[in-house]
Amino acid sequence: MAELSAKRQCGRAIRKAALDDVADIMQVMAAAKTIMRQSGNLHQWGEGYPSAEVIGADIRKEGGYVVTDEGRVVAYFALLPSPEPTYAKIYKGTWLDDTLPYHVIHRMASYPDVHHIFSDIMDFCLAIDRNIRIDTHRDNTIMQHNIVKHGFGYCGIIYLASGDERLAYQLL
């Protein structure tokens, strides 16, 4: 299992989330939604999403993780193994590789005053798998900036089960 301990920043660590963490995770999600709305991302993560049930499902799949700082939950993400059903079809592009197994990052969120979370999470995830896929809403310019900054290539458009469009990226 990958650990952040080699690159700990200010007592920061990444660990598997537990069902007891869901209330703290939901507070992180609420803070992240506020950041999204303030930056012009008005449509991603509508009311009720992600729900405690969605987070609980990530945790039960052993794919939910929290970032803690001095023991306080400051961020959350899901790292789930392929296949991701919504990635089966990609439009207006292609995956960098569509044959190898991969992991997908979903539901990445943090408090606004916690810095370098994306980098810490990427270091952790790349220690588990070097083939990572991620998607985000067209209006989520903060996430798009971080995705590109960390070397992901834009691959095309995928559609969620709800029919909502997402920009899809891959890092090999």
Carbon and sulfur atoms account, in whole percent of the 1.4 Å probe accessible area of the chain, for 54 percent
The chain, accessible area per residue, ligands and nucleic acids excluded (1.4 Å, Å²): 50 Å²
Inter-label distance for LEU42 and ARG72, nm, one decimal - labels placed 7 Å from Cα along Cα-to-Cβ: 3.2 nm
Among DSSP bridges having both ends in the chain, what percentage is antiparallel? Round to the nearest 5. 90 percent
DSSP H segments from the chain that extend 20 Å or more along their own axis, Cα-based, with Kyte-Doolittle mean of -1.0 or above: 22-38
Computed E for ARG138/THR99 - FRET, C-beta separation, R0 41 angstrom, nearest 0.05: 0.90
Given the candidates VAL67, GLY163, THR136, the one whose Cα lies deepest towards the positive end of the charge dipole of the chain, counting +1 at each Lys or Arg C-beta and -1 at each Asp or Glu C-beta, is THR136
Given a 10 angstrom Cα cut-off, can you work out which residue in HIS145, HIS137, HIS43 is the most mobile in a GNM of the chain? HIS145
Difference of contour (0.36 nm per residue) and Cα-Cα distance, ALA88 to GLU53: 10.2 nm
Compute the longest continuous run of the chain that contains no exposed trypsin sites (Lys or Arg not before Pro); treat a site as exposed when its DSSP state is not H, G, I, E or B and it has at most 16 other Cβ atoms within 10 Å. 9-60
Which residues in the stretch 142-159 place their backbone N less than 20 Å from a point set 7 Å from the Cα of ALA127 along the Cα-to-Cβ direction? 150-151
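The values are calculated or read from the model by the stated rules, or taken from the named source; none is laboratory data. Keep in mind that what you see is a predicted model, and the values were worked out from it rather than measured. FYI the Cβ positions are ideal-geometry reconstructions off the backbone, even for glycines, and counts take in every protein chain you see. Surface areas here come from the heavy atoms of the whole protein model, side chains and all, with no ligands, DNA or RNA. Shrake-Rupley method; radii C 1.70, N 1.55, O 1.52, S 1.80 Å.
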